[in-house]
Every structure is written in structure tokens, then in C-alpha cells.
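Okay, so here's the structure we're looking at.
The values are calculated or read from the model by the stated rules, or taken from the named source; none is laboratory data. Values in this document were obtained by computation on a predicted structure and should not be read as measured data. So basically every Cβ, Gly included, is an ideal-geometry build from the backbone, and we count neighbours across all protein chains shown.
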Amino acid sequence: MRKEILCFGDSNTWGYTPGTGVRYAPDVRWTGVMAQVLGENYHIIEDGLNGRTTSFDFPWSECRNGQSALPYALLSNKPLDLLILALGINDLTVVDSGFSAKSVAALIRKTRMLQAVPDSGTSVFPNGEKILIAAPAPVHPDYDRMYAVPYYEDSCRLAEKYRIIAEENGVYYLNVGDYASASPIDCVHFSLESHKALGLAMAEKVKAILQ
């Protein structure tokens, strides 16, 4: 039976091209690269939103709250075999890395609450809950200078804090920064090369989890 994988993330899941905002083509986004490697026995569901955070809306931009959006995504796309959570870098414009990590833990708890109380008799994960935390890659070192915001150092702390959250909650973990890096063009979004490297790494991780 085909494996169903929900990728719940932000602009780097959506496929934001650095400096332009034009969306990368489906086959070159990391989700598309992963889909090509995994083949027809896997179905990749993309749910990426520019500016999405782990747990809040920006005063100047509504509908960015991952905490409120995730239940809708889970229930509308179930049954699932794997949830990939790829959020957090947008948080740092308002909060710190510690808050972001705690919010990821809250997303895990929310997912488990939905799993524990099946809607209409159907579980979100009928074959058992599987969650992969994708720790965000840091912003480019030039971010602070480009935007006059002290962002870079705290963005480098996300990976370790997310690793601890994953370990404490018994979920899978991948450090996106091991494979992808923010472009110097806008200091946040991934190049084609980074999307390809991340997609290949994600495919191997998913196969290890689901096979």
C-alpha cells in the first residue's frame, strides 16, 4: 500500500526562490526531489506556507500559526504514515530559539491528542504514529547586517534544541542544516542545490523510518 507523508512547513517547504518569491517548480523543491527518489509507492503531501510559525500569527500577517493549522492539515489528509514538521526559522523574528523548541514539543503533543481520539473512527496514523522533526537550517551569516536584526546566532541554536525535543518526545530527527543552507541573496531561503541535497537526504531518512 502507498505510504502517505505530510510535509508541514514554511516557505522553504513551499519552495520560495531567494530574492524573488517565485515558487520553484514541483520537481526541484526538496519535497519533489524526495518524491522522485521514493517513487510511486510514496505520496508526498506538501503543506508549506510562507511565514508560517510554530505557534503564533504575526500582527501584520494572519493565518501563519502552525499550532492552529496543524490539526486541520492532519485531519484533512489522513490517513498518514509520517508527519514531517519543518518549522521554526520564522519564529526568531519575534521569539527566541527556546520558545520555538517548546512550541515544536506542543505540536507533537497536539498531534498525539488527535491520534488518541480518532475522528469518525479513523486514526491519523492507522499504522502507528510517526513524526519527523526537521530542525531549520540557520539563516545566512549576513542576515544581521542585511536586515539589522540580531538573528544569526540564535538560529544556529535551533538544531541542538530541536534534537533534544525530538529525543525527549521519542520522535525522529533530521538537521536540515547538514544538507541545506540559506542563500546569501536573501539570507533565508534555499538554492536549487540545497533543495536537491535536502530532498535526497529526506528520502533516505523516510525510507529508514518507513521500511
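Matching residues to (1) touching a strand residue (DSSP E or B) at 6+ places or on another chain (Cβ under 6 Å); (2) buried (at least 21 other Cβ atoms within 10 Å of the Cβ); (3) under 19 Å from Arg52 (Cβ atoms); (4) modelled with pLDDT of 95 or more:
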| site | (1), (2), (3), (4) |
| --- | --- |
| Ile164 | no, no, no, yes |
| Tyr173 | yes, no, no, yes |
| Ser181 | no, no, no, yes |
| Met202 | no, yes, yes, yes |
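Among the residues of the range 46-55, is there at least one that is acidic (Asp, Glu), crowded, with 19+ Cβ neighbours inside 10 Å, in a helix (DSSP H, G or I) and under 15 Å from the mean Cα position of the chain (by Cα)?
Step one: list which residues in the range 46-55 are acidic (Asp, Glu), which gives 46-47.
After this cut, where a residue has to be crowded, with 19+ Cβ neighbours inside 10 Å as well, the list is 47.
Right, trim to in a helix (DSSP H, G or I) and you get none.
No, the conditions are met nowhere in the range 46-55.
Is there any pair linking a residue in the range 165-179 that is in contact (Cβ under 8 Å) with a residue 24 or more places away in the chain to one that is acidic (Asp, Glu), with Cβ under 9 Å and at least six apart or on different chains, and which?
Val171/Glu129; Tyr173/Glu167; Asn175/Glu160
Are any residues in the range 94-146 closer than 28 Å to Ser183 by Cα, crowded, with 18+ Cβ neighbours inside 10 Å and in contact with a Phe, Trp or Tyr (Cβ under 7 Å, 6 or more places away or on another chain), and if so, which ones?
Residues satisfying the conditions are Ala101, Val104, Ile131, Leu132, Ile133, Ala135, Pro138, Val139, Tyr143.
Provide a single number: the residues in the range 172-211 that are touching a helix residue (DSSP H, G or I) at 6+ places or on another chain (Cβ under 8 Å), of a type in the set (A, V, I, L, M, F, W, C) and more than 25 Å from Thr20 (Cα to Cα).
Residues in the range 172-211 being touching a helix residue (DSSP H, G or I) at 6+ places or on another chain (Cβ under 8 Å), of a type in the set (A, V, I, L, M, F, W, C) and more than 25 Å from Thr20 (Cα to Cα): 5 in total.
Go through (1) over 14 Å from Lys78 (Cβ atoms); (2) assigned to a helix (DSSP H, G or I); (3) within 21 Å of the chain's Cα centre (by Cα) and name the single condition Pro138 misses.
Checking Pro138 against (1) over 14 Å from Lys78 (Cβ atoms); (2) assigned to a helix (DSSP H, G or I); (3) within 21 Å of the chain's Cα centre (by Cα), the one that fails is (2).
Please identify the pairs in which a residue from the range 62-86 that is touching a residue at least 24 places away in the same chain (Cβ under 8 Å) has its Cβ atom under 6 Å from the Cβ atom of a residue that is assigned to a helix (DSSP H, G or I) and among the polar types (S, T, N, Q), counting only partners at least 6 apart or on another chain.
Listed by first residue and then by second, the contacts come to Ala86/Thr13.
So is Gln67 part of a helix (DSSP H, G or I), at pLDDT 95 or above and within 21 Å of Cys7 (Cα to Cα) or not?
Working: part of a helix (DSSP H, G or I): yes; at pLDDT 95 or above: yes; within 21 Å of Cys7 (Cα to Cα): yes.
It is true that Gln67 is part of a helix (DSSP H, G or I), at pLDDT 95 or above and within 21 Å of Cys7 (Cα to Cα).
Could you identify the single residue in Leu85, Leu80 that is assigned to a loop (DSSP other than H, G, I, E, B), within 24 Å of Val104 (Cα to Cα), among the aliphatic types (A, V, I, L, M) and in contact with a Phe, Trp or Tyr (Cβ under 7 Å, 6 or more places away or on another chain)?
On the way: Leu85 fails: assigned to a loop (DSSP other than H, G, I, E, B).
Being assigned to a loop (DSSP other than H, G, I, E, B), within 24 Å of Val104 (Cα to Cα), among the aliphatic types (A, V, I, L, M) and in contact with a Phe, Trp or Tyr (Cβ under 7 Å, 6 or more places away or on another chain) holds for just one of Leu85, Leu80, which is Leu80.
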